[in-house]
Amino acid sequence: MTAPPPSYCFVALPPRTSKGHIVFGKNSTRPRDEVQEVLHVPSSTHEAGSKVQCTYLSIDQVAKTHSMILSKPAWMWGAEMGANEYGVCIGNADVITKQAADDGTLLLGADLVRLGLERGTSAKEAVDVISSLLEEHGQGGSNFQTDGQSFHSAFLIVDRTEAWILETVGKLWAAERITDGIRCICNHLSLKTHIDLEHPELRSHAQDQGWWNEDKEFNFSEVFSEHRHIDDCFGKEAVENQEELMTVESMINVLRNKSSGICVDSNTFLTTASAVSVLPKDDKWPCIHFVTGTPDPSRSVFKPFIFVEDIKAVPMVQSSCVRGNTCDHDHSQWKHELYEAHQCALSLMDKDKEEGDQLQTILLDLEKQGLEAMEDLLNSSNPLDPAEVVDLFYDCVDTEIKFYK
């Protein structure tokens with residue numbers, strides 16, 4: 001089986017972060033021409049017995065779903081990464097194992113990201129949601145719109161106080177709780193002997209397959225990895241070697257790093273979208289989520305989003321239906337307004353270096369203004385006024401498009 005592209009996902013926790021915040025960052029590596037949209041889904045209540053249609057599979061809906069901001073391939077229901085109103089952030093990565101992935105039309109790892117966000121009020125609750133749905137429904141189906149490859153999933157699940165790494169093999173899973181330092185997931189299993197939670201049949205399954213016996217310490221990645229185990233994700237040192245404490249800005253710089261392989265730009269695959277979140281421990285301060293909605297973070301703008309009531313809709317970054325209705329878009333129609341404007345700007349940058357450099361400088365200054373404004377908000381002694389940020393993400397996207405034009 002062809003290895004999945006490396007979609008790096010990081011978390012930095014105190015004492016490695018500035019001001020005791022938790023910082024989450026994710027690059028989504030997908031087929032080069034795939035469009036990724038940014039979708040805000042409001043909280044909602046649902047009638048008993050109702051269903052939710054995921055990418056391939058319809059499952060039982062819950063009574064209440066939470067408000068979410070999702071960065072997602074436009075053609076699928078699920079998301080590569082996202083956050084919810086409770087400060088839960090989730091990113092996933094495709095992995096291969098000794099056990100073949102199911103190619104049936106089941107739940108995608110991206111579906112489980114979205115389901116975990118809409119149903120979990122904490123990182124631990126999201127772990128429970130995803131693992132339970134995995135056990136009930138299984139995972140499978142093509143991860144790419146024009147390719148039939150299926151993979152297993154790894155998840156990095158974070159909230160204001162802790163993080164969890166959840167890694168899966170079919171319906172089986174293992175999870176580790178993280179409370180300090182820096183961790184990363186990419187395109188292979190990473191959990192070793194420290195496992196805090198696991199599927200009750202995980203070890204017996206490994207024994208039945210002849211992959212492990214009780215005479216040897218159980219090492220999840222060594223037992224289930226298809227090839228010789230790699231200890232760490234390539235590029236992890238780009239975060240660990242940071243001399244200064246991690247901030248939103250330094251995490252953005254990590255995601256832009258092409259020399260380390262964290263930012264992918266090949267003939268086949270590209271980092272099609274990126275996201276960074278800062279999660280203050282004290283819930284009197286808002287979690288702030290920065291998303292690009294465009295490919296190649298080294299040439300994209302990270303724009304802030306904060307959960308408040310009555311957030312202004314941003315159709316310029318949306319190319320699919322929010323909920324309930326079937327979309328009839330073909331591949332060319334997935335391109336939302338921001339994506340098209342950004343692609344035109346990249347073409348200009350490539351054709352005219354001087355003019356392209358000027359535009360890049362303007363955009364980075366726009367991003368810097370947003371970062372500084374959000375830093376001031378977190379440093380303020382005054383509580384957040386929701387009215388001041390209800391149009392925040394809309395205004396940032398609108399301003400970016402105007403600069404492109």
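The values are calculated or read from the model by the stated rules, or taken from the named source; none is laboratory data. Quick caveat, the model's predicted, so the values are computed rather than measured. Methodologically, a virtual Cβ is constructed for each residue, glycine included, from the backbone with ideal geometry; neighbour enumeration extends over all protein chains shown. Calculation scope for accessible area: heavy atoms of the full protein, side chains included, ligands and nucleic acids excluded. Shrake-Rupley method; radii C 1.70, N 1.55, O 1.52, S 1.80 Å.
For the reader, a short list of remarks on this structure follows.
- Per the conditions (1) over 15 Å from VAL291 (Cα atoms); (2) surrounded by fewer than 17 Cβ atoms within 10 Å (Cβ to Cβ), the sole criterion not satisfied by ASP398 is (1).
- Flag for LYS72 being surrounded by fewer than 20 Cβ atoms within 10 Å (Cβ to Cβ) and either under 22 Å from GLU125 (Cα atoms) or not acidic (Asp, Glu) (or both): no
- Checked against the criteria, GLY87 counts as more than 23 Å from THR272 (Cβ to Cβ), touching a residue at least 12 places away in the same chain (Cβ under 8 Å), out of contact with any His (no Cβ under 8 Å at 6 or more places or on another chain) and part of a loop (DSSP other than H, G, I, E, B).
- Count of the range 286-302 residues, restricted to those that are crowded, with 24+ Cβ neighbours inside 10 Å and in a helix (DSSP H, G or I), is 1.
- Residue among GLU217, GLU240 that alone is within 24 Å of LEU371 (Cα to Cα) and open to solvent by 50 Å² or more (accessible area, probe 1.4 Å): GLU240
- Summed over the range 223-237, the residues that are open to solvent by 80 Å² or more (accessible area, probe 1.4 Å) and either over 23 Å from GLY170 (Cβ atoms) or at pLDDT 95 or above (or both) give a count of 3.
- Scanning the range 102-121 finds one or more residues that are surrounded by 23 or more Cβ atoms within 10 Å (Cβ to Cβ), of a type in the set (A, V, I, L, M, F, W, C), in contact (Cβ under 8 Å) with a residue 24 or more places away in the chain and outside any helix (DSSP H, G or I).
- Hits in the range 388-405 - residues which are closer than 19 Å to ARG299 by Cα and either assigned to a loop (DSSP other than H, G, I, E, B) or in contact (Cβ under 8 Å) with a residue 60 or more places away in the chain (or both): PHE393, CYS396, VAL397, ASP398, GLU400, ILE401, TYR404, LYS405
- The set of residues in the range 351-370 that are over 24 Å from VAL248 (Cα atoms), part of a helix (DSSP H, G or I) and either open to solvent by less than 90 Å² (accessible area, probe 1.4 Å) or in contact with a strand residue (DSSP E or B) (Cβ under 9 Å, 6 or more places away or on another chain) (or both) comprises GLU355, GLY356.
- Some residue of the range 155-165 being touching a His at 6+ places or on another chain (Cβ under 9 Å), under 24 Å from SER277 (Cα atoms) and buried (at least 24 other Cβ atoms within 10 Å of the Cβ): no
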